[in-house]
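Heads up: the structure comes next, in structure tokens.
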Amino acid sequence: MINLDRMKIDRKEAFDITVSVLAIALIFTFYQLGLKLEPSTFLFYMAAAVITLGSGFVLHELSHKYYAIKYGARARFVAWPAGLALALALVVVPQIIWGPGAGIFFIAPGAVYIYAMRPISIKENGIISLAGPAANWVLCALFLAPLLFLSLPLQLARIFSIGFAVNSWLALFNLIPFFPLDGSKVLAWDWRIWLGAVLVSFFLVSLPSIA
């Protein structure tokens, strides 16, 4: 167990998280729909992105924070304004120059910064890093289950489908073994665990095409 007081989110961290969620929702919407947006469709995709991609991003980062605190460190999410601006430019500028469909979907909203009171071991760092993709796996299950077992209205089914897809891709992307992505630290800890995590993510990514 950890001291839950240390999980508290102060005003600055809450602001960084909120701005990041809204920014990545906007980037996702521009990527999916282009720049000429009908208001009701824009609002639907923004809401869907906040619920699906936003929840995946927040739970991913808070899982890192939880395990960092569990191992005795202090941790907080810090937004990267330059990363958000770059991501927005990559999805908007190519569409202005070359037209619809030319945008590049890339998000680098920020990261959990860890302030260790003692050296964090390679294993502990690997577990902290794996916690993020694992959180996305949990969300994949939560979004997929209603699609498999319930008869959902079309719009709601679309949101759940987006939620499953974006969280499966978030997990896989973050397991790429290049610093500063999570995969580099999981691989440094144990290549077998990293490989297993990648295979789980590949399996989840493949499910939409066979569902």
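Matching residues to (1) at pLDDT below 95; (2) outside any helix (DSSP H, G or I):
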residue: K123; (1), (2): no, no
residue: S151; (1), (2): yes, yes
residue: V166; (1), (2): yes, no
residue: A171; (1), (2): no, no
residue: S184; (1), (2): no, no
residue: I193; (1), (2): no, no
residue: L199; (1), (2): no, no
residue: L207; (1), (2): yes, no
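Mind counting the residues in the range 68-119 that are in contact with a Pro (Cβ under 8 Å, 6 or more places away or on another chain) and aromatic (F, W, Y)?
Count: 1.
Quick one: in the range 19-56, of everything that is out of contact with any Pro (no Cβ under 7 Å at 6 or more places or on another chain) and among the β-branched types (V, I, T), which residue is surrounded by the fewest Cβ atoms within 10 Å (Cβ to Cβ)?
Looking at residues that are out of contact with any Pro (no Cβ under 7 Å at 6 or more places or on another chain) and among the β-branched types (V, I, T), I get T41.
Going by the structure shown, is I96 over 24 Å from T18 (Cβ atoms) and assigned to a helix (DSSP H, G or I)?
Yes; evaluated as a whole, the condition is true for this residue.
Collect the residues in the range 105-129 that are farther than 21 Å from P177 by Cα and loosely packed, with under 13 Cβ neighbours inside 10 Å, keeping them in residue-number order.
Across the range 105-129, the qualifying residues are Y115, M117, R118, P119.
I'd like to know if the range 148-163 contains one or more residues that are crowded, with 24+ Cβ neighbours inside 10 Å and on the phi < 0 side of the Ramachandran plot.
yes
Which of the helices (runs of 4 or more DSSP H) contained wholly in the range 1-85 include at least 1 residues that are in the same structural domain as F106 (by TED's automatic domain parsing), under 26 Å from M117 (Cα atoms) and not aliphatic (A, V, I, L, M)?
It comes to 11-33, 55-70.
The values are calculated or read from the model by the stated rules, or taken from the named source; none is laboratory data. This is a predicted model, so every value here is computed, not measured. Neighbour counts are summed over all protein chains in view; Cβ atoms, including those assigned to glycine, are modelled from backbone coordinates with ideal geometry.
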